[in-house]
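Working notes for the structure below.
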Amino acid sequence: MEKLIEEYRYDYELLREAVEGLSEEELRFQPAPDKWSIHQILIHVTDSEILATHRLRKVLAEEEPLLLSFNQEAWSDNLKYERLDQEQHMLLFKMLRVSMLPLLENLTPEQLSRVGQYPDGARYTFKELLELRVQHVRDHLAQIERVKQAFSEERV
């Protein structure tokens, strides 16, 4: 569990490192019309973190709570991700993660196995939800690298 919490704690730094030194052109580059830019990915990661923090807290506080998902494409389109401030969202991501650390550092085995359920019946333990958070960031770090590569290839 310590390793998982450490990875969760370090995700902000990994995101920062992934975009360090990128130009605005690189951040806004979309590899295809239906693919997100790095800027949009970072906003999405933060929006997802807002909801995930809520889910994690809900599972710790309530008895088998209902967990809700969101339509990421609708959020990106209707919230106009391209117009949102990336730096504010990065700081919000950091603060959401920092706000969870005191809870994570004092978890009991019983809390790790507390469960939340989605409307489709899928059930996840607190630990599984936390693992999904770390994996979500890892998946998007890989996506950021693919966008950087596509930008480089287009400039050749």
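The values are calculated or read from the model by the stated rules, or taken from the named source; none is laboratory data. If you're wondering where the values come from, they're calculated on a predicted model, not measured in any experiment. Positions of Cβ are generated from backbone atoms using ideal geometry, with glycine treated the same way; all protein chains shown enter the neighbour counts. Please note that ligands, DNA and RNA were not included when accessible areas were found on the heavy atoms of the full protein model with its side chains. Shrake-Rupley method; radii C 1.70, N 1.55, O 1.52, S 1.80 Å.
Below, the figures for the structure above:
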| read-out | value |
| --- | --- |
| Residue list for segment 24-64, filter: hydrophobic (A, V, I, L, M, F, W, C) and either assigned to a strand (DSSP E or B) or in contact with a Gly (Cβ under 9 Å, 6 or more places away or on another chain) (or both) | Leu56, Val59 |
| Residue that is nearest to the chain's Cα centre (by Cα), among those in segment 7-25 that are loosely packed, with under 12 Cβ neighbours inside 10 Å and over 15 Å from Met95 (Cβ atoms) | Glu17 |
| Single match in Glu25, Glu2, Glu20 (criterion: out of contact with any strand residue (DSSP E or B) (no Cβ under 8 Å at 6 or more places or on another chain) and under 20 Å from Arg114 (Cβ atoms)) | Glu2 |
| Filtered residue count, segment 117-137, keeping only those that are closer than 20 Å to Tyr10 by Cβ and either among the aromatic types (Phe, Trp, Tyr) or open to solvent by 40 Å² or more (accessible area, probe 1.4 Å) (or both) | 6 |
| Per-region count, segment 95-109, residues open to solvent by 70 Å² or more (accessible area, probe 1.4 Å), over 16 Å from Tyr12 (Cα atoms) and either at pLDDT 95 or above or within 14 Å of the chain's Cα centre (by Cα) (or both) | 1 |
| Unique match (being open to solvent by 50 Å² or more (accessible area, probe 1.4 Å) and in contact with a His (Cβ under 7 Å, 6 or more places away or on another chain)) among Arg114, Arg28 | Arg28 |
| Subset tally (residues that are assigned to a helix (DSSP H, G or I) and surrounded by 13 or more Cβ atoms within 10 Å (Cβ to Cβ)) for segment 79-94 | 9 |
| In segment 65-78, residue nearest to Asp34 (Cα to Cα) [restricted to those that are open to solvent by 80 Å² or more (accessible area, probe 1.4 Å) and part of a loop (DSSP other than H, G, I, E, B)] | Asn71 |
| Residue, least open to solvent (accessible area, probe 1.4 Å), within segment 46-64, restricted to residues that are without any contact (Cβ under 8 Å) to a residue 24 or more places away in the chain and within 18 Å of the chain's Cα centre (by Cα) | Leu51 |
